[in-house]
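So the structure is just underneath, and the comments pick up after that.
Read the figures in this text as sums done on the coordinates, not as results from a lab. Please read these numbers as outputs of a predicted model, since none were measured by experiment. Glycine gets a Cβ as well: all are built from the backbone with ideal geometry, and neighbour counts include every protein chain shown.
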Amino acid sequence: MIELRDLLPEDEERLFAWRGEPEVARWMSDADVSGREAHRAWFAQLSEDSDLRGWIIQRGGRPSGLLTLTGLAGHHRRAAWNWFVGDREARGRGVGRAAQVLGLDRAFGELGLHKVWAEVMADNDAAMKVQTGAGFRREGYLRGHVLKDGVPRDVVLLGILAEEWEALAPAARRGLSQAGLIAA
């Protein structure tokens, strides 16, 4: 089963390791893992700042990734969506797909957001597939928008509205539940 749980202090070290892995770091456009102290500051902010919310993605009770929402304090009721599967053994097993559904349920249900949006590296086919499969729509394309290792990279803007998720959620939950990926 895939679940989301709140961050715990012991997640800080695991997240540092995951964020430093080439397969994770190459897709991160907004967070530079420049060192241990910068990571500790990032984790403290993620854990304590009311503008941010983060959850550990768990697979079979084992930490497998991270999902975050940022920009929660604004009056627009929207937030930026970031996620990754850090555990190599969890990749390609439906963890990202299930995390999208669980996270969108929290974003639009628990947090009462109107919109969730994301920036995805244009060549990150796996993330594009998972997020568009969950109902995110392409809203824009930003050429040379981020520098990754000093090289300009293109980014695709994706978004999903609460009413879109409301229409898609029952089928998405049912499919994942029938596949044994999330609880019914």
statement: When the charge dipole of segment 2-178 is computed with +1 at the Cβ of Lys and Arg and -1 at the Cβ of Asp and Glu, the Cα pointing farthest to the positive end, of PRO63, LEU104, HIS75, is that of LEU104
message: Under the 0.36 nm per residue contour assumption, what length would be gained going from the current alpha-carbon distance of MET1 and LEU157 to full extension?
response: 53.2 nm
HN-Hα J in Hz across segment 5-15 - Karplus 6.51, -1.76, 1.60, θ = phi - 60°, x for Gly and Pro: 9, 5, 5, 10, x, 6, 6, 4, 5, 4, 5
- line: Env charge @ GLU3, Cβ radius under 15 Å, K,R +1 / D,E -1, value +2
- line: With GLY135 itself left out, Lys, Arg at +1 and Asp, Glu at -1 over residues whose Cβ is under 13 Å from its Cβ give +1
- prompt: Taking a point 7 angstrom from the Cα of LEU168 along the C-beta vector, which residues in segment 121-141 have backbone N less than 13 Å away?
  reply: 128-139
statement: Calc'd 3J(HN,Hα), segment 46-60, phi into Karplus 6.51 cos²θ - 1.76 cosθ + 1.60 (θ = phi - 60°), Hz, glycine/Pro = x, comes to 4, 7, 10, 7, 5, 7, 10, 8, x, 9, 7, 7, 10, 10, x
- request: List every residue whose amide H lies under 5 Å from the amide H of LEU113, counting only residues 5 or more places away in sequence or on a different chain, with H placed 1.01 Å from N in the peptide plane.
  value: PHE108
- prompt: Each residue of segment 124-134 in turn: what ³J(HN,Hα) in whole Hz from Karplus with 6.51, -1.76, 1.60 and θ = phi - 60°, glycine and Pro shown as x?
  reply: 8, 4, 5, 5, 4, 5, 5, 6, 5, x, 7
- prompt: In nm, what is the difference between 0.36 nm times the number of residues separating ARG77 and VAL146 and their Cα-Cα distance?
  reply: 22.3 nm
statement: Among the Cα-Cα pairs of segment 2-178, the proportion with separation greater than 29 Å, in percent, is 15
task: Would you mind putting 2-11, 63-72, 87-96 in packing order, based on average other-beta-carbon counts within 10 Å, highest first?
output: 63-72, 87-96, 2-11
statement: The set of residues whose placed amide H lies less than 5 Å from the amide H of SER64, leaving out same-chain residues fewer than 5 positions away, is ILE57, GLN58, ARG59
field: Chain lengthening between ALA179 and ARG62 when straightened (0.36 nm per residue, less Cα-Cα)
entry: 40.3 nm
